[in-house]
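Here is the structure we will look at.
The values are calculated or read from the model by the stated rules, or taken from the named source; none is laboratory data. Quick caveat: nothing in here was measured; it's all calculated off a predicted structure. Note that we place each Cβ from the backbone using ideal geometry, even for glycine, and neighbour counts take in every protein chain shown. To get the accessible areas, we keep the full protein, side chains included, count just its heavy atoms, and leave off ligands, DNA and RNA. Shrake-Rupley method; radii C 1.70, N 1.55, O 1.52, S 1.80 Å.
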Amino acid sequence: KGKGMRMEITLFQRKTVKPKLLMIFTRQLATLIDSGLPLLRGLTVLAKQERDRVLQRTINSLAESVQSGGTFSDGLAQHPKIFNDLYVNMVKAGEVGGVLEVVLTRLAEFQEKASKIKSKVVSAMVYPIIVMIMAIAILSFLLVFIVPKFEQIFHDMLGDKPLPGVTVFVITVSRFIQQHWLVLLGVIIALVFEIGRAHV
């Protein structure tokens, strides 16, 4: 039972790092190397002071890779969910050219600019998303509570006479929402969660 619980916890562990944390790590490592500290020593120092568990384990793994004789870029390539191809290839170029600290500084600056642009985009999207949510809420209220009352009025006034196509469509949509509102609510919550997670 204990092994099963540990396996379940391992399966659901977070395997990514927030861009801001990665930017800070990159800039700090560049500063340490630029000040004359060896790469392995710099990684060890950053691993000890890192509070994020995922990033700490990753830095320790990088230190082990470098200590065993591998290159820094090879160690980065072992963590594709944290370090993308651009990051790995730029570090590799910096290693070949002997300017690793310069490349890391450029990477940190690039990450910082990308983060600012992303924040601006997210801020610009907030108002349209709020308007869309309000519109969906109002439309849902009309379909669930108002349309059924009109349906009863039409039935009392017209009896079994056929209704216009648009009216029949609206009534059909209203009935569908009333019968499957839990499923639709779950889908909406899932979409909002995914959008929020994508912009974190």
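Sort 147-154, 121-128 by the packing proxy (mean of other Cβ within 10 Å over each peptide's residues), most packed first.
On the way: 147-154: 13.5, 121-128: 10.2.
The densest-packed peptide leads the list: 147-154, 121-128.
Restricting things to alpha carbons, find the Rg to Rh ratio for the stretch 76-145 using the Kirkwood radius for Rh.
Working: Rg = 21.4 Å, Rh = 15.6 Å.
Radius of gyration relative to Kirkwood radius: 1.38.
Would you please state the base-10 log of I(q)/I(0) at q = 0.17, 0.22, 0.30 1/Å for the stretch 51-105, with intensities from the Debye formula using one equal scatterer on every alpha carbon?
Treating every Cα as an identical point scatterer, log10 I(q)/I(0) equals -0.52, -0.85, -1.22.
Which helices count as membrane-span-like in the chain under these terms: full DSSP H, at least 15 Å along the axis by C-alpha, Kyte-Doolittle mean of 1.6 or more?
On the way: long enough: 19-34 (22 Å, 0.77); 39-49 (16 Å, 0.75); 53-67 (21 Å, -0.20); 85-97 (18 Å, 0.28); 100-141 (59 Å, 1.11); 147-158 (16 Å, 0.07); 165-179 (21 Å, 1.15); 181-198 (25 Å, 2.11).
TM-like helix candidates: 181-198.
Report the semi-axes of the equivalent ellipsoid for the chain in whole Å, largest first, where each axis is √(5λ) for an eigenvalue λ of the Cα gyration tensor. Write out the running numbers ahead of the final one.
Values: eigenvalues 639, 84, 31 Å².
Its equivalent ellipsoid spans semi-axes of 57, 20, 13 Å.
Mind counting lysine pairs for me in the chain? Cα separation below 21 Å, and the two need to be 8 or more apart along the chain or on different chains.
Eligible lysine pairs with Cα atoms under 21 Å apart amount to 19.
Quick one: pull the percentage of alpha-carbon pairs in the stretch 29-146 with a separation above 22 Å. Don't skip to the end; give the middle numbers.
Numbers: 3335 of 6903 pairs.
Cα-Cα pairs in the stretch 29-146 separated by more than 22 Å: 48 percent.
If you take the charge dipole of the chain about its Cα centre, with +1 on Lys and Arg Cβ and -1 on Asp and Glu Cβ, which of LEU104, LEU158, ILE146 is farthest toward its positive end?
LEU104
Tell me, what is the percent relative contact order of the stretch 1-152, built from C-alpha pairs under 8 Å that lie six or more residues apart?
Numbers: 98 pairs, mean separation 36.3, N = 152.
Over the stretch 1-152, the number comes to 24 percent.
Got a number for the accessible area of SER68? Probe 1.4 Å, square angstrom, nearest 10.
100
Find out how many positive minus negative residues lie around LEU39, taking Lys and Arg as positive, Asp and Glu as negative, among other residues whose Cβ is under 14 Å from that of LEU39.
On the way: positive: ARG41, LYS92; negative: ASP34, GLU64, ASP74, GLU95, GLU101.
Summing Lys/Arg as +1 and Asp/Glu as -1 gives -3.
Two decimals, Cα atoms only, Kirkwood Rh: what is Rg/Rh over the stretch 89-200? Could you put the intermediate results ahead of the total?
Working: Rg = 26.1 Å, Rh = 18.9 Å.
My calculation of the ratio gives 1.38.
Rounded to whole Å and ordered largest first, report the semi-axes of the equivalent ellipsoid of the stretch 15-76 derived from its Cα gyration tensor (root of 5λ).
Values: eigenvalues 57, 42, 20 Å².
Semi-axis lengths for the stretch 15-76 are 17, 14, 10 Å.
Send over a whole-number figure in Å² for the accessible area per residue of the chain, probe 1.4 Å. Working shown, then result.
Details: 14300 Å² over 200 residues.
Accessible area per residue: 72 Å².
Counting Lys and Arg as +1 and Asp and Glu as -1, each charge on the Cβ, what is the dipole of the chain about the Cα centre in debye, to the nearest 20? Walk me through the intermediate numbers first.
Numbers: 24 positive and 15 negative charges, 106 e Å.
Dipole size: approximately 500 debye.
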